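Every number in this text was worked out from the coordinates using simple rules, so none of it is lab data. A quick note: this is a predicted structure, and the numbers were derived from the prediction, not measured. When we count neighbours, we look across all protein chains shown, and the Cβ atoms used for this are built from the backbone with ideal geometry, even at glycine.
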Amino acid sequence: MKKVPVFLLLFVISFLAAGVLSGIKGPSPKSLFRKLSERNPPAEAIREPETPDVLTAAVVNGTYVPILMYHYVSPDGVASGREGLNVTPENFDAQMGYLKSNGYETTTLDMLASNFASGTPLPAKRVIITFDDGYSDFYWNAFPILRKYGYQAHVFMITGRLGVPGYLDVEKIKELNNSGLVHFGSHGVDHISVASLSGNALNFQLTE
């Protein structure tokens, strides 16, 4: 069978993550994560998620891996204009706590790609957590909660907004990266759709 380069797998998997979970509102995470505890299918019984508008999953070598994608983690009063993209810190804490209490641990996109390439199944009850855009509230509100539960996350940074008010700066990125819990990737230079780009224009968005 023809081998797929790992960097290409990571690129494809990052697009899986980009359409998964656009923020969750509401007092209880149970309705969201109910499927995770009810349906943790063994390798021989992979099933499609019943609510793809809320969560989806990568199925890698017989392992079902939900990918949870967030944008903002901010109090409601700060979240004006962020409808559908914001989770309060209280809800985010409750969601992570629910996962932890039901035996879920995080894995990474690198590990997912490595297991895909090697044919080795991931352990059961693994999730991937991602954050789009690189907002500064990740540092203040989300990261302390992730650290509390020992959970890893990927942050896909809009590189052209590095250090812009409301976004992460270099010092915070260094601190987060050094924690061993946060992994950074690119979300493009200026948050435009790359679907119609090619050549130098595409390369610029993916590498700068």
Magnitude of the Cβ-charge dipole (Lys and Arg +1, Asp and Glu -1) of the range 62-163 about the Cα centre, nearest 20 debye, reported as 300 debye
Stretched fully, the stretch from Leu181 through Phe204 gains (0.36 nm per residue minus C-alpha distance, one decimal, in nm) 5.5 nm
D (µm²/s, integer) via Stokes-Einstein for the range 111-155, Kirkwood Rh across alpha-carbon pairs, 25 °C, 0.890 mPa s: value 200 µm²/s
Applying the gyration tensor rule to the Cα atoms of the range 76-169 (axes a ≥ b ≥ c; rounded if a/c under 1.5, else prolate if a/b exceeds b/c, else oblate), the class is oblate
Under the 7 Å Cα-to-Cβ spin-label approximation, Ala124 and Ser101 lie apart by a distance in nanometres of 2.1 nm
Expected unfolding gain across Trp140-Asp190 under the 0.36 nm per residue rule, minus the alpha-carbon gap, is 15.7 nm
